[in-house]
Amino acid sequence: MRKLLITIDGPAGAGKTTVSKALADRLGYIYVDTGALYRGVAYEARAAGISTDDDQNLEKLCQRLNLKFVNRGAGTLLMSGNTNITDFIRTPEMSMMASAVSARSVVRQALLEVQRKMGEQKSAVFEGRDMGTVVFPDADIKFFLTADLKARASRRYQELANIKPQPLEEVEKDMKRRDENDSSRHIAPLKPAADAVLIDSSHISAEAVIEKMMTHIQQAFDRD
Ligand code: DC
């Protein structure tokens, strides 16, 4: 069976992580959460006291950073060098900082190479904002997963309950701001690739999204 490279782009809270992990599990593929890499850069920038618009120091930081994913039991850890930073990158503050550093071309350029290297072997599901448009324009199957703001905010609200509870209105406000940042930036803005399959998850379950995606994936296998 042909090895596929599958990309899933879309705004925060659309359910990308749940479905990307499930697809990777079903197919025996690797799963790469590229948002975690931007979060890793944001985390290290804050630790080093570098502001999110200081391109010179962000560039130096990216050159010395060694971000990698390590599979550990049920989950995947994000390592920065030998330090496990998984538990520190999911806070609302890190979400905003990740969105801010992701608009800087020095950061995008550095992570472009890291991501392409991770995709060399194919047999992978990559989740992000510009996977189908910029990082892997030749991906075998591209999905763009959306949902309306209310549905996305309510999902994120539930996720945050275990990490750092926030009022629903605040989650929705932050999400709207982040959507605007991610969609309006000049480099690699969040948008569907011309050849992406669009799926709206506002009113359907994650299982239903996965089934829709599997239908497209099966068609790609059948074409071989
Ligand atoms: O998917 P996430 O919420 O963990 O991503 C955090 C931020 O990183 C998001 O607001 C925008 C940025 N990002 C990006 O610009 N490109 C990607 N491929 C993935 C994430």
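All of the numbers you see were taken from the coordinates with simple rules; none came from a lab. Since the model is a prediction, treat every value here as computed from it, not as a measurement. Glycine gets a Cβ as well: all are built from the backbone with ideal geometry, and neighbour counts include every protein chain shown.
Computed over the chain, relative contact order equals 34 percent, with contacts defined as Cα pairs under 8 Å that lie 6+ residues apart.
Sort region 72-159 into rounded, prolate or oblate with this rule: let a ≥ b ≥ c be the square roots of the eigenvalues of the Cα gyration tensor; rounded if a/c is under 1.5, and if a/c is not under 1.5, prolate when a/b is larger than b/c, oblate otherwise. Here region 72-159 falls in the rounded category.
Computed from backbone phi with θ = phi - 60° and the Karplus coefficients 6.51, -1.76 and 1.60, the 3J(HN,Hα) list for region 93-101 is 4, 5, 4, 5, 5, 5, 4, 5, 5 Hz; x is used for glycine and proline.
Close amide-amide hydrogen proximity is noted between Val197 and Lys142, Phe143, Phe144, each under 5 Å apart and 5 or more residues distant or on a separate chain (H modeled in the peptide plane; Pro and chain starts excluded). The Cβ shell under 12 Å around Leu190 holds other residues with a net charge of 0, Lys and Arg each +1, Asp and Glu each -1.
Annotation for region 16-34 versus region 65-97: alpha-carbon center distance of 17 Å.
Residues Asp55, Asp33, arranged from fewest to most other Cβ atoms within 10 angstrom of their Cβ, appear as Asp55, Asp33.
Both radii are taken from the alpha-carbon atoms of region 77-224; with Rh as the Kirkwood radius, Rg/Rh is 0.97. Shape descriptor for region 133-191: Rg over Rh equals 1.07 (Cα atoms; Rh from the Kirkwood inverse mean 1/r).
Summing Cβ point charges (Lys, Arg +1; Asp, Glu -1) relative to the Cα centre of the chain gives a dipole of roughly 340 debye. The antiparallel fraction among DSSP beta bridges confined to region 1-145 stands at about 40%. The residue among Thr146, Pro165, Ser183 whose Cα reaches farthest toward the positive pole of the charge dipole of region 119-215, with charges on the beta-carbon of Lys, Arg, Asp and Glu, is Pro165.
Note down, for region 1-146, the three equivalent ellipsoid semi-axes (square root of 5 times each alpha carbon gyration tensor eigenvalue), biggest first, whole angstrom.
They are 25, 16, 14 Å, listed largest first.
Running a GNM on the chain with Cα contacts under 10 Å, which residue among Gly40, Gly73, Gly28 ends up with the highest mean-square fluctuation? Its mean-square fluctuation being the largest, the pick is Gly73.
When His216, His186 are arranged by Cβ crowding within 10 Å, least crowded first, meaning fewest neighbours, the order is His186, His216. Farthest towards the positive end of the charge dipole of region 43-150, among the residues Val134, Ser105, Thr86, is the Cα of Thr86, using unit charges on the Cβ of Lys, Arg, Asp and Glu. Within region 1-60, the trypsin sites (Lys or Arg not before Pro) that combine a DSSP coil assignment with at most 14 other C-beta atoms in a 10 angstrom radius are Arg2, Lys3.
For region 160-169, backbone phi angles converted through the Karplus equation (6.51, -1.76, 1.60; θ = phi - 60°) give residue-by-residue couplings of 5, 3, 8, 10, 8, x, 9, x, 4, 4 Hz, Gly and Pro being listed as x.
With a simple spin-label model that places each label point 7 Å from the Cα along the Cα-to-Cβ direction, the separation between Gln158 and Glu93 comes to 2.8 nm.
Around the Cα centre of region 46-174, unit charges on the Cβ atoms of Lys, Arg, Asp and Glu (plus for the first two, minus for the last two) sum to a dipole of about 320 debye.
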